[in-house]
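> Before I ask anything, here is the structure I am working with.
The values are calculated or read from the model by the stated rules, or taken from the named source; none is laboratory data. Since we're looking at a predicted model, the values are computed, not measured. Cβ placement follows ideal geometry from the backbone for every residue including glycine, while neighbour counts extend to all protein chains displayed. Note: accessible area is taken over every heavy atom of the protein model, side chains too, but ligands, DNA and RNA are not part of it. Shrake-Rupley method; radii C 1.70, N 1.55, O 1.52, S 1.80 Å.
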Amino acid sequence: MKSLLINLTKNAPLKRLALFLFSVMFSALLLMEIRDFVRTKKLLNGIVTKIIAQPNTQGEMGLVKNTLATVRTLSKPRTDFFQGELQYSDDYLEAFFSGSGACGMYTLFTCRLLTELGYDCRVVQQRVDSTWGGHITLEVDLNRFNKSQPARWMLVDPLFNHMFLDTQQRELSADAVKEHWPKTMGQAPDEYDISQLPADYDIKYNYQQGFRYTNWDKLGPLSRGIYHLGKFCQLPMDTFSFRAVFIRQHFWNIAIYGFGLLVTLFVALRARRKK
């Protein structure tokens, strides 16, 4: 491999061929991603427009509520809504609309819709029966237009079409739900009312075994190293949600392929000038 790379850099015709092939590859990938980006954006814009048009007397909380209700509505006639065309390259979109996705796909689809509406979100991975990722939910910051104020994180469960509120109907974060989950049926003023849970809710999803926003063990030493580097730089690594930040899959792919194409063209231009 090393000798091949040395020959490639020294052999001008091979170098030009390699640069040409790389430029063709990145161009093709970029065009496909742009096509899928436009296609996906059109679909999501149609759904978001319908959410905004729904009656709402509760402000930001009402908009989130309407989003959850829309996700639940779309989850029933999914293949009909998708008109039999299930070839979207976004994994969570295809899994949700084809009916093959469970709680994670409900959450990621809801996260994408709320992101399109301008909300900051965090994907929540629960630990259930000692297994991480046993249930996936979402936190959404209700301070959509007022980022100078403290965040108002509200925990929602898209699979069950549920918002977690205290007995005064105020938003609860995942930390607050874990802290205030009632040990008895008595209701303290700042406690979560367990009677609000949907009839089909699995009570083991009670956040008592812990939760996280990113699996920093996924790539072994690499991801753990990134985590510790971020902590050293005093970044909020414990509340950083990788999947929520990179929820716009095609946007990031376009950025990556576009960067690759620019680098290839830059190298080709420098090689041409040196001739």
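> Just to be sure I understand, how many residues within the range 141-159 are surrounded by fewer than 20 Cβ atoms within 10 Å (Cβ to Cβ) and aromatic (Phe, Trp, Tyr)?
Going through the range 141-159 one residue at a time, the tally reaches 1.
> Being in contact (Cβ under 8 Å) with a residue 60 or more places away in the chain and closer than 24 Å to residue 103 by Cβ: is that true of residue 65 here?
Yes; evaluated as a whole, the condition is true for this residue.
> Given the condition closer than 24 Å to residue 137 by Cα, surrounded by 12 or more Cβ atoms within 10 Å (Cβ to Cβ) and among the hydroxyl-bearing types (Ser, Thr, Tyr), answer yes or no: does some residue in the range 202-210 qualify?
Within the range 202-210, one or more residues are closer than 24 Å to residue 137 by Cα, surrounded by 12 or more Cβ atoms within 10 Å (Cβ to Cβ) and among the hydroxyl-bearing types (Ser, Thr, Tyr).
> Looking for something in a helix (DSSP H, G or I), hydroxyl-bearing (Ser, Thr, Tyr), at pLDDT 60 or above and over 12 Å from residue 254 (Cβ atoms) - is there at least one such residue anywhere in the range 5-26?
Looking for residues that are in a helix (DSSP H, G or I), hydroxyl-bearing (Ser, Thr, Tyr), at pLDDT 60 or above and over 12 Å from residue 254 (Cβ atoms), one finds at least one in the range 5-26, hence yes.
> Which residue out of 93, 63 is open to solvent by less than 30 Å² (accessible area, probe 1.4 Å), at pLDDT 85 or above and not small (Gly, Ala, Ser)?
Sole residue among the options that is open to solvent by less than 30 Å² (accessible area, probe 1.4 Å), at pLDDT 85 or above and not small (Gly, Ala, Ser): 63.
For every residue, the table says whether it meets (1) touching a Leu at 6+ places or on another chain (Cβ under 9 Å); (2) open to solvent by 40 Å² or more (accessible area, probe 1.4 Å); (3) in contact (Cβ under 8 Å) with a residue 12 or more places away in the chain.
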| residue | (1), (2), (3) |
| --- | --- |
| 215 | no, yes, yes |
| 219 | no, yes, no |
| 222 | no, yes, no |
| 229 | yes, yes, no |
| 235 | yes, yes, no |
| 238 | no, yes, yes |
| 247 | yes, no, yes |
| 255 | no, yes, no |
| 271 | yes, no, yes |
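> Further, regarding this structure: Being of a type in the set (Gly, Ala, Ser), within 18 Å of the chain's Cα centre (by Cα) and modelled with pLDDT under 70: is that true of residue 101 here?
Answer is yes for this residue.
> So residue 166 fits all but one of (1) at pLDDT 90 or above; (2) in contact with an Asp or Glu (Cβ under 9 Å, 6 or more places away or on another chain); what number is the exception?
For residue 166, the exception is condition (1).
> Going through the range 10-45 one residue at a time, which ones are open to solvent by 90 Å² or more (accessible area, probe 1.4 Å) and basic (Lys, Arg)?
Matches in the range 10-45: 10, 16, 35, 42.
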